[in-house]
Amino acid sequence: MCQIRGGISQMTEPPTCPRPRSENTRSVEIQNCSNSPLFFSSRIQPTPDPKYTRVLAMATGAVINNHRDREAAFLKDITNAIRKEELLIYLQPQVNTVNGEVTGAEALVRWLRPGSGLLTPDYFVPQLEKSGRTTELTLWVLEACMVLSRNQIQTKKIQISVNLSVHDLEFPGFVLLVESLLDRTGAQAIDFCLEMTESSIMHDLEKCLTSISRLRQLGFTFSIDDFGIGYSSLFYLSKLPIDELKIDRSFVERLHEPKQCEILKAIIQLGLVLKLRLVAEGVEDLETYELLAHLGCQEIQGYLIAKPMLAIEFFVWLSACNGYWRNCAGPLAIASLR
């Protein structure tokens with residue numbers, strides 16, 4: 001039998017390998033010498049050249065400064081884009097799984113940046129989040145959506161969902177600014193659902209709760225976006241004054257895997273018990289649509305219904321289908337809704 005023993009000893013000289021205790025016992029004693037690495041490093045590692053160290057420090061500093069300059073220039077560009085109205089509102093419809101009625105739409109911002117083309121939020125929102133400067137963008141999106149909502153000519157208005165950041169909820173005077181937008185545009189708060197991710201709410205729960213409560217008093221409803229991949233516990237979920245759970249697309253895309261299906265069932269049952277509206281995002285085929293409807297998910301959003309459209313295109317589409325997806329869907333989709 002081979003025995004391995006570990007020990008720690010203080011040594012001032014390089015360690016030597018101990019001999020086996022006897023020929024009958026195959027044992028190797030491994031000594032972990034705390035001083036030996038220093039002993040050897042002093043003989044092997046050369047002394048750094050001061051000139052090389054200075055050059056390396058200068059090069060590193062130049063890279064860091066260049067990165068900071070590019071970030072600052074980018075933030076200036078996006079700020080100017082907001083003021084020059086280079087941003088566009090796209091809307092993606094949300095549909096009731098029982099009768100195919102279009103019940104809402106999520107507002108998605110795009111940046112038509114000169115020289116770069118049409119940029120999605122993934123390109124510029126993280127930079128704003130990192131710098132804590134999302135609020136100007138959020139207020140612009142809210143105002144644009146309020147104008148759209150006020151100008152709807154459909155008999156039944158749809159609810160527009162707008163994404164919020166934790167920086168928005170923590171921004172001093174944010175609620176008052178939103179209230180002033182309602183007054184200026186003549187829009188109704190009940191026509192809007194404000195979406196937040198789980199992680200953003202958990203950033204500073206008490207401060208977020210204060211802002212959420214005040215916005216709810218104005219008439220806004222609230223949704224937890226990307227539910228299931230963040231940090232929410234049942235305790236926090238019971239404390240939050242929310243109206244909707246938006247199920248993350250990662251669960252929907254893997255719905256046909258047995259374990260994922262069971263998790264999704266549990267999320268839907270949780271939402272139903274808490275009397276929350278459930279919206280599944282990322283639905284791309286009829287089979288997924290029908291399964292979600294069977295499980296009790298009330299609303300869906302995804303490419304099966306429609307890709308995000310420019311706001312003007314969305315309202316033309318909505319008018320053409322008279323508020324019901326079945327009027328714009330193909331024969332198979334119509335059959336599934338009967």
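Within region 97-125, take every residue that is of a type in the set (Val, Ile, Thr) and in a strand (DSSP E or B) and give me the one that is nearest to LEU75 (Cα to Cα).
Looking at residues that are of a type in the set (Val, Ile, Thr) and in a strand (DSSP E or B), I get VAL109.
Could you grab me the full set of residues in region 141-158 that are surrounded by fewer than 18 Cβ atoms within 10 Å (Cβ to Cβ) and either touching a Pro at 6+ places or on another chain (Cβ under 7 Å) or not basic (Lys, Arg) (or both)?
Matches in region 141-158: VAL147, ASN151, GLN152, ILE153, GLN154, THR155.
When you scan region 90-110, do you find a residue that is assigned by TED's automatic domain parsing to the domain that holds LEU205, without any contact (Cβ under 8 Å) to a residue 24 or more places away in the chain and surrounded by fewer than 18 Cβ atoms within 10 Å (Cβ to Cβ), even just one?
No, the conditions are met nowhere in region 90-110.
So MET146 passes all but one of these: (1) assigned to a strand (DSSP E or B); (2) without any contact (Cβ under 8 Å) to a residue 60 or more places away in the chain. Which condition number does it fail?
(1)
Given the criteria within 15 Å of ASP168 (Cβ to Cβ) and surrounded by fewer than 16 Cβ atoms within 10 Å (Cβ to Cβ), does LYS239 qualify?
Here the answer is no, as LYS239 does not meet what is asked.
Quick grid of which residues meet (1) surrounded by 18 or more Cβ atoms within 10 Å (Cβ to Cβ); (2) under 25 Å from the mean Cα position of the chain (by Cα); (3) assigned to a helix (DSSP H, G or I):
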| site | (1), (2), (3) |
| --- | --- |
| ILE160 | yes, yes, no |
| ASP168 | yes, yes, yes |
| PRO172 | no, yes, no |
| VAL178 | yes, yes, yes |
| ARG184 | no, no, yes |
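Among (1) surrounded by fewer than 18 Cβ atoms within 10 Å (Cβ to Cβ); (2) under 21 Å from the mean Cα position of the chain (by Cα), which single condition is ILE201 missing?
It fails just one condition, (1).
Looking only at region 154-170, count how many residues are free of Cβ contacts under 8 Å to residues at least 60 places away in the same chain and under 30 Å from GLY100 (Cα atoms).
So the first thing to find is which residues in region 154-170 are free of Cβ contacts under 8 Å to residues at least 60 places away in the same chain, and the list is 157, 162, 164-170.
Now restrict to residues that are under 30 Å from GLY100 (Cα atoms): 157, 162, 164.
Qualifying residue count for the region: 3.
Which of the strands (runs of 3 or more DSSP E) contained wholly in region 239-338 include at least 1 residues that are in contact with a His (Cβ under 7 Å, 6 or more places away or on another chain)?
On the way: elements: 244-247, 277-281, 299-301.
Passing ranges: none, list empty.
Just need a number here: residues in region 201-223 that are in contact with a strand residue (DSSP E or B) (Cβ under 9 Å, 6 or more places away or on another chain), in a helix (DSSP H, G or I) and not hydrophobic (A, V, I, L, M, F, W, C).
The number of residues fulfilling the criteria is 1.
When you check CYS193 against the structure, is it modelled with pLDDT of 85 or more, buried (at least 21 other Cβ atoms within 10 Å of the Cβ) and not in a helix (DSSP H, G or I), yes or no?
Judged against the criteria, CYS193 is a match.
The values are calculated or read from the model by the stated rules, or taken from the named source; none is laboratory data. All figures in this text were calculated on a predicted structure; none of them were measured in a lab. Note: ideal-geometry Cβ built from the backbone for every residue, glycine included; neighbour counts use all protein chains shown.
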